[in-house]
1. What is region 121-215 by shape, rounded, prolate or oblate, if you read a ≥ b ≥ c off the alpha carbon gyration tensor as root eigenvalues and call it rounded for a/c under 1.5, prolate for a/b larger than b/c, and oblate otherwise?
2. Return a whole-number percent for the relative contact order of region 13-115, with Cα pairs under 8 Å and 6 or more residues apart as the contact set.
3. Which far-off residues, 5 or more places away or on another chain, put their amide H under 5 Å from the one on Leu17, with H placed in the peptide plane?
4. Over the alpha-carbon set of region 13-115, divide Rg by the Kirkwood Rh and report the Rg/Rh ratio to two decimals.
5. How high is the relative contact order of region 93-222, given as a whole-number percent (alpha carbon pairs under 8 Å, six or more residues apart)?
6. What is the spread of the Cα atoms of the chain along each of their three principal axes, largest first, in whole Å?
7. Expected output is a single nm value to one decimal: the length gained when fully extending between Val185 and Gln55, i.e. 0.36 nm times separation in residues minus the C-alpha distance. What is it?
8. May I ask you to work out the translational diffusion coefficient for region 165-222 at 10 °C, viscosity 1.306 mPa s, via Stokes-Einstein with Rh from the Kirkwood sum over Cα pairs, reported in whole µm²/s?
Amino acid sequence: MPAAVVIHRAPRYPMRLPFLHKPQAPAPVRAGVGWTRDLSETGACVELAEALQRQMSLCIRLQTDRGSIEAEAQVVWTGEFRPGKGGVLHGITFTYLAPDQLQALADLLLFKREMREAGIRLATDLPVTCLPRGLAGPLRGRTGNLSSGGASLRLPQRLPARTELEVILHTSTGPVKTEGVVVWVGRPEGGKPRGLIPHGFRFTSLDWSSSLALGLLLTTPS
């Protein structure tokens, strides 16, 4: 089957997706995780933990709510490290996508317009501990989904909208801590009075190390 190589320029859209990357050839840089800043059919602006050399060839795997998208890419520019402001920005261009992967990318950009800014939410079932400010005692529940901007939390107690929380995600590699606010509250699951109650949670504080841990969690098969 012929390669689907993208050679034209295409509009880029804000979209936060976690992805894995590794050099195509042996290199001092190890495989790593990052987040996209914007995305198109021809490339992306990405945020990584360390600076990569220009023209380095990469294999990448973007994680979406419909599965993963694999591509080969090349670094075209590298930004400066910004202490306290996240990772290192890079521009990458896609050098090869198989036809089915190119179609999956096109479909993602077409049908996820409303989710581009906030980040696509990926179904994730993790135990969580929530510490509401101004309320007694921790609440233990589970996540319904996660993104770079927030989560759906399933809790045994209804919390009012605008409640500020410290949330600890309990992962297989250790706890991931974040702070945020409840933005919406749903009805108990299954219509049962004692069912877990879904809450929309928006991150207000997520440091870069926690963001990387979250990206690794979302890109690692369960």
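All of the numbers you see were taken from the coordinates with simple rules; none came from a lab. Small disclaimer: the values here were computed from a predicted structure and weren't measured. No Cβ is skipped: glycine too gets one built from the backbone with ideal geometry, and neighbour counts run over all protein chains shown.
1. It comes out prolate by the Cα gyration axes.
2. For region 13-115, the relative contact order is 24 percent.
3. Thr36
4. With Rg and the Kirkwood Rh in hand, the quotient comes to 0.95.
5. With pairs under 8 Å counted, the relative contact order is 19 percent.
6. Extents along the principal axes: 56, 36, 28 Å.
7. Extra length from Val185 to Gln55 when fully extended: 42.1 nm.
8. Rounded, D is 121 µm²/s.
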